[in-house]
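Report on the structure given below.
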Amino acid sequence: MDDQKTRSLKDVESLLGPSAAEDLPSAGAGIAPSRFRLFCDITRKISQMDALTPLLDQVLDAAILLTGAERGFLLLQEDGEQAAASAPIPGFSVAAARKFQGKSFEGEDFQVSLTAVRKVLESGTSLITDDAQMDPRFQEKKSVVAYGLKAILSAPLELSGKVIGALYLDHRYRMGLFSEEDVLLTEAFAAQSALAIQKARMMEALRASHGRLEAKVGEQERRIAELAESTKIPARGALRYGYDEIIGESTPMMKVLELLDHVTDTAIPVWIHGESGTGKELIARSLHDNSDRKNKPFVAENVSAIPETLLESELFGHKKGSFTHADRDRVGLIEQADGGTLFLDEVADMSLAMQAKLLRVLQEGEVRPIGSSKKVKVDVRLVTASNKDLARMVGDGRFRQDLFFRINGVTINLPPLRERKEDIPLLVTHLSKKIARQYKLPASSVADDALDRFFRYDWPGNVRELEATLRNLLLFAKDRPVTRALIEERPELFARFSAPTLLQSPDRTAVTATDDDPERAKILASLKRHGMDKKKTADDLGIALRTLYLRLEQMGLPTKKRLLIRMV
């Protein structure tokens with residue numbers, strides 16, 4: 001081994017530190033034992049590295065030092081997304097380089113080097129030349145003479161039969177520098193380097209994936225925290241207003257109260273959607289009483305309770321003599337509510353013609369009484385309510401879309417009592433005191449066994465039905481507590497609670513059909529008539545089976561249990 005290579009080996013030892021292998025196998029194929037030992041130490045070192053860039057630098061430096069080359073570079077295959085458009089060889093880029101002039105690698109001497117590397121990539125075999133100037137493979141390159149290239153050695157980096165790159169080494173001044181031993185050592189080193197590069201790439205990909213996953217998890221946690229904050233239900237004490245007349249601390253009711261907190265101080269129109277008996281007027285009155293309109297009138301009317309022929313006069317007013325029996329001027333409900341709040345319940349029952357007239361008033365902010373030529377300016381906050389789905393009615397052509405958009409600034413969905421049964425004890429206490437005070441009845445407590453009956457019932461009439469039931473119970477209780485025994489004393493009044501067949505069971509649910517919700521009563525009647533056969537029920541109702549299941553879910557009725565149906 002010549003002096004230069006001996007000095008190079010000492011440089012490698014200095015680079016790697018003391019050899020960890022004292023007793024290594026002897027070298028084969030004529031490779032000197034000391035050189036073979038250093039080769040083993042180098043490959044052991046690079047096999048332990050998992051950061052790609054330092055590894056590539058280490059591989060190139062070690063190859064130069066092992067072979068005594070003057071300079072070199074490492075060409076590596078890149079992913080389609082990573083490969084630069086200006087790459088010297090399509091799909092490959094220079095990953096590390098030593099002693100090449102310029103960062104762009106566009107010099108003529110580099111083009112000679114690329115010729116050698118291309119041949120290695122194409123053939124998958126090493127290339128060696130003692131004197132490039134005399135080698136016919138490079139004679140077409142003018143720079144061979146210009147730059148005086150002498151010795152060249154290039155070996156492929158190969159994995160599973162696929163060339164992933166190449167090591168290039170040369171010397172411009174020493175002819176015959178590289179021997180067959182150098183070729184053998186460089187090929188072995190290139191094979192080990194390819195494995196190390198693959199490992200480092202996999203580790204970097206794993207770290208990048210882990211980083212992306214951590215970032216994604218962090219983003220998800222942030223979003224979850226924001227969502228939790230945005231959907232957090234405040235305690236009643238955290239609300240701006242007391243809402244003393246609205247009883248309930250269940251999650252559905254707290255959501256309603258939180259929404260009220262946001263819209264009370266505005267003039268935005270509100271539509272309250274809920275089943276009969278859920279307390280829609282109570283919500284409307286709370287909106288008014290907690291707003292800056294509280295000292296102005298609150299006017300409420302049930303649209304469905306007024307005949308169509310009289311509704312226009314009720315809403316807009318009339319002048320004396322404008323029609324038969326109009327014996328005096330009358331101020332309409334809209335004008336009466338000027339400065340305050342107008343609550344129109346069951347607005348879905350208004351005819352299309354009346355809807356058009358109401359829309360005009362809302363758009364213009366003026367009302368003209370029947371028989372009058374003058375319009376009156378009005379400032380009214382409109383709150384409407386319905387137990388029907390106005391959006392569906394718009395789709396069916398039974399409610400004007402423009403009016404729906406006008407009255408539905410904010411929708412408040414009131415939950416039925418069956419969806420907030422945890423509020424029943426609070427409601428029972430409040431309503432019992434109210435009933436005793438209103439009807440001058442002795443105050444009576446409600447025992448747990450009676451409450452158990454209440455929990456087992458679905459309350460199709462909602463809070464209104466609960467209040468009516470408590471009124472009857474307190475009437476018969478006298479000074480006694482309301483108990484299960486008291487309920488069972490009056491089966492004609494409270495059969496829905498006392499009849500054993502109506503109690504909940506693991507596979508059956510008791511429900512009662514009333515006239516408060518005609519659609520629900522119609523579906524339950526058909527189910528009962530067809531012995532709970534849902535296919536026959538759907539056919540009977542003229543709807544698809546899937547639609548029936550959707551209706552049952554929307555009404556809070558179980559779809560996988562048999563129903564014990566009581567028609568009242």
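Do we have L475 as under 29 Å from E281 (Cα atoms), buried (at least 19 other Cβ atoms within 10 Å of the Cβ) and at pLDDT 80 or above here?
Criteria not met by L475.
Take M350 and tell me if it is surrounded by 18 or more Cβ atoms within 10 Å (Cβ to Cβ) and at pLDDT below 95.
When the stated conditions are applied, M350 passes them.
Conditions tested, residue by residue: (1) assigned to a helix (DSSP H, G or I); (2) open to solvent by 80 Å² or more (accessible area, probe 1.4 Å).
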{"residue": "L167", "(1), (2)": "no, no"}
{"residue": "D170", "(1), (2)": "no, no"}
{"residue": "D182", "(1), (2)": "yes, no"}
{"residue": "F189", "(1), (2)": "yes, no"}
{"residue": "S193", "(1), (2)": "yes, no"}
{"residue": "R207", "(1), (2)": "yes, yes"}
{"residue": "R212", "(1), (2)": "yes, yes"}
{"residue": "G218", "(1), (2)": "yes, no"}
{"residue": "R223", "(1), (2)": "yes, yes"}
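Say whether the condition of being at pLDDT below 75 and of a type in the set (A, V, I, L, M, F, W, C) is met by at least one residue in segment 529-546.
no
Taking interchain pairs and intrachain pairs at least six residues apart, which have beta carbon atoms under 6 angstrom, with the first residue in segment 239-255 and within 17 Å of T429 (Cα to Cα) and among the hydroxyl-bearing types (S, T, Y) and the second open to solvent by less than 40 Å² (accessible area, probe 1.4 Å) and part of a helix (DSSP H, G or I)?
What qualifies is Y243/L257; Y243/S286; S250/D423.
For segment 300-400, please list each of the helices (runs of 4 or more DSSP H) lying entirely inside it that holds at least 1 residues being among the small types (G, A, S).
308-316, 352-364, 390-395
Restricting to segment 280-302, name every residue that is open to solvent by less than 20 Å² (accessible area, probe 1.4 Å) and charged (D, E, K, R).
K280, the sole residue that qualifies.
For segment 324-333, state whether one or more residues are open to solvent by 20 Å² or more (accessible area, probe 1.4 Å), without any contact (Cβ under 8 Å) to a residue 60 or more places away in the chain, on the phi > 0 side of the Ramachandran plot and not charged (D, E, K, R).
Yes: one or more hits.
Which pairs turn up if I take residues in segment 443-466 that are more than 14 Å from F494 (Cα to Cα) and crowded, with 21+ Cβ neighbours inside 10 Å and look for partners that are modelled with pLDDT of 90 or more and basic (K, R) with beta carbon separation below 9 Å, at least 6 apart in sequence or on another chain?
P460/R418; N462/R418
Check K377 against each of (1) closer than 30 Å to P518 by Cα; (2) open to solvent by 70 Å² or more (accessible area, probe 1.4 Å); (3) in contact (Cβ under 8 Å) with a residue 12 or more places away in the chain and name the one condition it does not meet.
(1)
Which numbered condition trips up K320, out of (1) at pLDDT 90 or above; (2) more than 30 Å from M555 (Cα to Cα)?
All conditions are met except number (1).
Filter segment 258-279 down to the residues that are surrounded by fewer than 21 Cβ atoms within 10 Å (Cβ to Cβ), in a loop (DSSP other than H, G, I, E, B) and touching a residue at least 40 places away in the same chain (Cβ under 8 Å) and list them by number.
Within segment 258-279, A267, I268, P269, G274, S276 qualify.
R44 versus (1) at pLDDT 85 or above; (2) over 30 Å from R207 (Cβ atoms): which is the lone unmet condition?
Single failed check for R44: (2).
The values are calculated or read from the model by the stated rules, or taken from the named source; none is laboratory data. Computed from a predicted structure; not experimentally measured. In this analysis, Cβ positions are derived from the backbone assuming ideal geometry, glycine residues included, and neighbour counts consider all displayed protein chains. Just the protein is used for accessible areas: all its heavy atoms, side chains included, with ligands, DNA and RNA removed. Shrake-Rupley method; radii C 1.70, N 1.55, O 1.52, S 1.80 Å.
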